[in-house]
Structures are given as C-alpha cells and as structure tokens.
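The values are calculated or read from the model by the stated rules, or taken from the named source; none is laboratory data. Remember, predicted model here, so these are calculated numbers, not experimental data. Heads up, the Cβs are rebuilt from the backbone with ideal geometry, glycines too, and the neighbour counts pull from every protein chain shown. Note: areas computed on protein heavy atoms with side chains; ligands, DNA, RNA excluded. Shrake-Rupley method; radii C 1.70, N 1.55, O 1.52, S 1.80 Å.
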Amino acid sequence: MKQLKISILVIAAFTIGAVFFTSCEKDEDDNPTPNESQFVSLESPYLICAGRNPGGVGFDFEYNGEKGGANNLDSLTVDDFVYDLKIRTIKGEKPNGSLGGAPYIQLSATAQAVNYSAVDTTCKGFTDFTNLNSSNIQNYTLQSDDVSFDISSVQTGSTGSPLMEQLLQEYNKLVIGQKWKEAANNDIADDEPIWIIETPEGRIVKFIVTDFPADPAPTSTGYIAIEWDFVE
C-alpha cells in the first residue's frame, strides 16, 4: 500500500507540474514581450528649434517596406533609422552681430528631388498637393544636392556662428534648402511649392511645407508644418 501511495503521489506531482508548465506557456503566448525597437513616427508640426532640437528632424519615407515617417535625429526610436531628408535649424550671425535661426532641408546622398511647382506652375498649395497622383503628374527631372555642401566651410563671425549671408549662399547648393520658406511664411493662400522626392527604394513622394512657424503648435516659434505622402 505504501508503494502504491508513493506512486500515486509521484503521478499527481507530474500532472500538476505539467498543468502548471502548460499554463505558464499559455500566459507567455498571450502576453508577448513588447518590442522596444518598434518604429514610432512623429506627427506635424515638427520641432526644428536650434536650441531645443539641434539635430533636427529626419524623414525615412519607407521604413522596412512600409510607410515610414519622421524621427528627431537626436533621439531616434529605432537604431536602423536612415533619413531620406532632414530639416534642421542652425544659428547664423547677422550683419548687426545678432543671431538668427536659419532652417534648411537637406537630402540624403541617395535621394533626389525637384520643385514640382516649377514644372507645373498651376500645381501649388495643399489642395493641389492632395489631388496630385500618378495619373495627373507631369514629367520632371530630379536633382541631387551638391556634394560640396558643407556648413563648416562657412566663415564665422565674432559670435563664432557662421555669417548669415554666406550661410544662405551655401544653402543654395541644396535642391530644397530654404526655397520653401518664403511661401510657408506669408499670408498668401495656396502658393506653397510642392516637391517631388525619390527615395533610395525608388518610391515617389510628394512633400509640402504648409506653415512656418507652424500655428497651431506647442509654442509660437520653433515648429514647422509639413505634409507628405506617396504618389500613387
């Protein structure tokens, strides 16, 4: 009898253990460990203040085969983020010795772009941006940024910051550079240029800066409103 009781106890222990183990496995399946490297895109408006976000904002339009988005380049949400385009602001020294913010947009070495509104002069502003698609887009020629673009080569003033006039001349080496700024900063409706960008993956993107400084935004300065989408 004693031997029989021991056998029964051993069998019961194994049965309970198996049930407990199965239960643990099920719990683990139902509650997977969160993926801490998941891509999270910022939303417009974007902070490009030289003091609060000096690295600026990068856009990876296609991330891992899916529609991507924007990240602050100083605080990426994923390790494998590679920007197709970035926008940042640096401080330049004005002729009177004061400092002013100078934002610019730079393409990656493998991306190209064109001011599509210069190709089709009737296509400007957010409404036309929304309606632009593969069936109505006209032929265009893409360009790359000048490889000689180098902010560190610009002469600095007494403040140690690059001289504003020479800095803006350096921006002229960029396809987009600061050519979006005037239209985004005036009171004229629907005059903002639409840009076409080709990513390294071959995706065609439409891109527009609608407001700078952006309003509404968390603060009255430092933010920019940008919209983009694939041309389908």
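Odds and ends about this structure:
- Options 199, 137, 183, ranked by Cα towards positive dipole end of the stretch 51-199, top entry (Cβ charges): 183
- Once backbone amide H atoms are built at 1.01 Å from N, residue 68 has 62, 63 as its partners under 5 Å, excluding neighbours fewer than 5 places away on the same chain.
- Dipole magnitude for the stretch 68-230: computed about the Cα centre from +1 point charges on Lys and Arg Cβ and -1 point charges on Asp and Glu Cβ, it is near 280 debye.
- Per-selection Kirkwood Rh - the stretch 116-178 (Cα, Å, 1 d.p.): 14.5
- Translational diffusion coefficient (Stokes-Einstein; Kirkwood radius from C-alpha pairs) of the stretch 160-210 at 37 °C, 0.692 mPa s, in µm²/s: 253
- Hydrodynamic analysis of the stretch 68-230 uses the Kirkwood radius over alpha carbon pairs. Inserted into Stokes-Einstein at 37 °C and 0.692 mPa s, it gives a translational diffusion coefficient of 193 µm²/s.
- In this structure, residue 137 and residue 159 have a Cβ-Cβ separation that, at R0 = 45 Å, corresponds to a calculated FRET efficiency of about 0.50.
- When +1 charges are put on Lys and Arg Cβ atoms and -1 charges on Asp and Glu Cβ atoms, the dipole computed for the stretch 58-134 relative to its Cα centre reaches about 440 debye.
- Solvent-accessible surface ranking, highest first, for 123, 49 at 1.4 angstrom: 49, 123
- Structure note, pairs 67/181; 124/179; 94/181; 91/181; 91/173: Cα-Cα distances above 21 angstrom occur for 67/181.
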